[in-house]
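Student: Handing you a structure now.
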Amino acid sequence: VQLQASGGGLVQAGGSLRLSCVASGRTFSSYVMAWFRQAPGKEREFVASLSWSAGSTYYADSVKGRFTISKDNAKNTLYLQMDSLKPEDTAVYYCAANRGLYSGRAYANAMDYWGKGTLVTVSS
């Protein structure tokens, strides 16, 4: 199983970015997918999750209303649309997958697969 994240970059506060995570190696129809982020000097934190089969989603309070997690079944790709970005959103963003049951919030220590991160920098 491989997860390949991309789409990070430098953006001004108030701007938008869309991250992509291409999943390969198996069918992810029964998986829980999630985005996490880790800012310098901080622990990795949950951002958003999605049930691949049901399409259910869940967001951290800090990004609710600004970020949207979605998927493209045909492309086996997970997305994170990030709008109204703030300097505090600056972090390395990671996509992850879990074979367990979907229950909303995802936890880093429960994820089975991780992609390499992509850096998002939001300037003020």
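Student: Looking at the range 57-100, which of the residues that are modelled with pLDDT under 95 and outside any strand (DSSP E or B) is surrounded by the fewest Cβ atoms within 10 Å (Cβ to Cβ)?
Tutor: Ala74
Student: Can you say whether Gly15 is open to solvent by less than 70 Å² (accessible area, probe 1.4 Å), part of a loop (DSSP other than H, G, I, E, B), touching a residue at least 12 places away in the same chain (Cβ under 8 Å) and farther than 19 Å from Tyr102 by Cβ, as far as the supplied structure shows?
Tutor: yes
Student: Filter the range 80-122 down to residues that are in contact with a Lys or Arg (Cβ under 8 Å, 6 or more places away or on another chain) and among the polar types (S, T, N, Q) and give me whichever is nearest to Arg18 (Cα to Cα).
Tutor: In this case the residue turns out to be Gln81.
Student: Please identify the pairs in which a residue from the range 40-51 that is part of a loop (DSSP other than H, G, I, E, B) has its Cβ atom under 6 Å from the Cβ atom of a residue that is at pLDDT 95 or above and open to solvent by less than 90 Å² (accessible area, probe 1.4 Å), counting only partners at least 6 apart or on another chain.
Tutor: Arg44/Phe36; Arg44/Gln38
Student: Residue by residue through the range 18-51, note down the ones that are small (Gly, Ala, Ser) and either more than 13 Å from Cys95 (Cα to Cα) or surrounded by fewer than 23 Cβ atoms within 10 Å (Cβ to Cβ) (or both).
Tutor: Of everything in the range 18-51, those that are small (Gly, Ala, Ser) and either more than 13 Å from Cys95 (Cα to Cα) or surrounded by fewer than 23 Cβ atoms within 10 Å (Cβ to Cβ) (or both) turn out to be Ser20, Ser24, Gly25, Ser29, Ser30, Ala39, Gly41, Ser51.
Student: From the set of residues in the range 1-12 that are touching a Phe, Trp or Tyr at 6+ places or on another chain (Cβ under 9 Å) and either assigned to a loop (DSSP other than H, G, I, E, B) or open to solvent by less than 40 Å² (accessible area, probe 1.4 Å) (or both), which is farthest from Lys64 (Cα to Cα)?
Tutor: That would be Val1.
The values are calculated or read from the model by the stated rules, or taken from the named source; none is laboratory data. No experiment lies behind these values; they were computed from the predicted model shown. As a convention, Cβ positions derive from the backbone with ideal geometry for all residues, glycine included, and neighbour counts pool all protein chains shown. Surface areas here come from the heavy atoms of the whole protein model, side chains and all, with no ligands, DNA or RNA. Shrake-Rupley method; radii C 1.70, N 1.55, O 1.52, S 1.80 Å.
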